[in-house]
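Student: Let me give you the structure first, and then I'll get to my questions.
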2 protein chains.
Amino acid sequence: MAEQNIIYVGKKPAMNYVLAIVTQFNNNVDHITIKARGKAISKAVDIAEITKHKFLKEVKYSRVNLDTEVVQGERGESNVSSIEIILSR
Amino acid sequence: MAEQNIIYVGKKPAMNYVLAIVTQFNNNVDHITIKARGKAISKAVDIAEITKHKFLKEVKYSRVNLDTEVVQGERGESNVSSIEIILSR
């Protein structure tokens, strides 16, 4: 599959996302991007590390990008940090 | 200065660390490494992004490393994710 798969990290337990990633890699995907914003960034790193160390030892980080996104909230615009972790094998 | 400067992110407000980084860059340091573990990882990304976008626009990410560290706690060993963000100009 040529399309790049993206996992958005939200409020579910880390292991849910890990299992989604492992499932996608087992379906012959070569690259998966984990995206998170704000406090979910720590969880995104946990998810990537658990995937790499416990499930798919052949997976590497091909890139980690940090950025800032503008989010529309109830009290106007605010800036929030974001992370993009690209896993590949 | 040849030595590589390291900022460990803990419980202080993000802006304290940002100001420490800006001060070091103003003292002719070329590289600063921001290190954080666990939930402080999100704050480390905030610190890096605030430094880059609000204070030192010429600073770049020369590398972002993710890893897992083993921590000794009261209830034995546990794994914690870590991040290392290397800023340079």
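Student: So what's the net charge close to residue B:89: Lys and Arg +1, Asp and Glu -1, counting the other residues with Cβ under 9 Å from its Cβ?
Tutor: Working: positive: B:60; negative: B:30, B:58.
Every neighbour counted, the sum reads -1.
Student: For a 25 Å ceiling on Cα separation, which of these pairs sit above it: A:39/B:12; A:12/A:35; A:57/B:43; A:54/B:35; A:12/B:52; A:11/B:52? Intermediate results must be reported in sequence, preceding the final value.
Tutor: Values: A:39/B:12 16 Å; A:12/A:35 14 Å; A:57/B:43 28 Å; A:54/B:35 23 Å; A:12/B:52 31 Å; A:11/B:52 28 Å.
Correct reply: A:57/B:43; A:12/B:52; A:11/B:52.
Student: Using just the helices of the protein assembly as shown, give the 222 nm mean residue ellipticity in deg cm²/dmol: DSSP H runs with n ≥ 4 each add -39,500 (n - 2.57), and the total is spread over all residues, rounded to 500. Each step should come with its number before you reach the end.
Tutor: Details: 4 runs with 48 residues, N = 178.
After summing the helix terms and dividing by the residues of the protein assembly as shown, the value is -8500 deg cm²/dmol.
Student: Using the charge dipole of chain B (Lys, Arg: +1 at Cβ; Asp, Glu: -1 at Cβ; taken about the Cα centre), state which of B:51, B:85, B:61 has its Cα farthest towards the positive end.
Tutor: It is B:51.
Student: Output wanted: per-residue J couplings in Hz (rounded whole) for the stretch B:72-79, from phi through Karplus 6.51 cos²θ - 1.76 cosθ + 1.60, θ = phi - 60°, x for Gly and Pro.
Tutor: 8, x, 5, 9, x, 7, 9, 8
Student: Same structure again: Can you give me the distance in nm between label points at residue A:53 and residue A:79, each placed 7 Å from the Cα along the Cα-to-Cβ direction?
Tutor: Modelled inter-label distance: 3.2 nm.
Student: Right, next: What percent do you get for the relative contact order of chain A when only Cα pairs under 8 Å and 6+ apart count? Display every interim value, and only then the final one.
Tutor: Values: 145 pairs, mean separation 28.3, N = 89.
Reported relative contact order: 32 percent.
Student: Within the set of other residues whose C-beta is less than 14 Å from the C-beta of residue A:56, count the net charge using Lys and Arg as +1 and Asp and Glu as -1. If you can, show how the numbers build up before the last one.
Tutor: Numbers: positive: A:52, A:54, A:57, A:60, A:89; negative: A:30, A:49, A:58.
Every neighbour counted, the sum reads +2.
Student: Less than 12 Å Cβ to Cβ from residue B:7, Lys/Arg counted +1 and Asp/Glu -1: what total charge do the surrounding residues give?
Tutor: Working: positive: B:12, B:35, B:43; negative: B:84.
Charge balance near residue B:7 sits at +2.
Student: Shifting gears a bit: What's the longest piece of chain A with no exposed GluC sites (Glu not before Pro), counting a site as exposed if DSSP puts it in a loop and it has at most 13 other beta carbons within 10 Å? Let's see the in-between values first.
Tutor: Working: sites that count: A:3, A:58, A:74.
Longest site-free region, per DSSP loop and neighbour criteria: A:4-57.
Student: For residue A:61 and residue A:27 in one chain, what is 0.36 nm times their gap in residues minus the Cα-Cα distance, to one decimal in nm?
Tutor: On the way: separation 34, 0.36 × 34 = 12.24 nm, distance 1.89 nm.
Between residue A:61 and residue A:27, full extension yields an extra 10.3 nm.
Read the figures in this text as sums done on the coordinates, not as results from a lab. Model, not experiment: these values are computed from the prediction. Using ideal geometry, Cβ is built from the backbone for each residue, glycine included, and neighbour counts are taken over all protein chains shown.
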